[in-house]
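Colleague: Below you'll find the structure I mean.
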């Protein structure tokens, strides 16, 4: 009876060690999945950072372009105003000559 009791305890111990091993394997697999997910998140974050930098550069270029266009528009408007003033003076001069 003592031998049978000892074998039962050994069977329980073997079963518990097997469950512990399975649990540790599951934990290891979970850790591996978390590590892979973390790596993907890090890569995605890096791509987002690069894209954000490119967008910032593009925005800065567009701001410079808009500034140049505004300056050109202002210069063109000034020239058109001067041309209009000259034409008005010419027309007024012609009207005075009549």
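Colleague: Residues to consider are 39, 96; find the one that is assigned to a helix (DSSP H, G or I) and surrounded by fewer than 10 Cβ atoms within 10 Å (Cβ to Cβ).
Modeller: Working: 39 fails: surrounded by fewer than 10 Cβ atoms within 10 Å (Cβ to Cβ).
Residue meeting the stated conditions: 96.
Colleague: Does residue 72 meet the test of being surrounded by 10 or more Cβ atoms within 10 Å (Cβ to Cβ) and part of a helix (DSSP H, G or I)? Even if it seems obvious, please write down each step before you answer.
Modeller: Values: surrounded by 10 or more Cβ atoms within 10 Å (Cβ to Cβ): yes; part of a helix (DSSP H, G or I): yes.
For residue 72, the condition - surrounded by 10 or more Cβ atoms within 10 Å (Cβ to Cβ) and part of a helix (DSSP H, G or I) - is met.
Just so you know, all these numbers are worked out from the coordinates, no wet-lab data involved. Computed from a prediction, not measured in an experiment: that's the story for all the values here. Because the Cβ atoms are built from the backbone with ideal geometry, glycine has one as well, and the counts that use them run over all protein chains shown.
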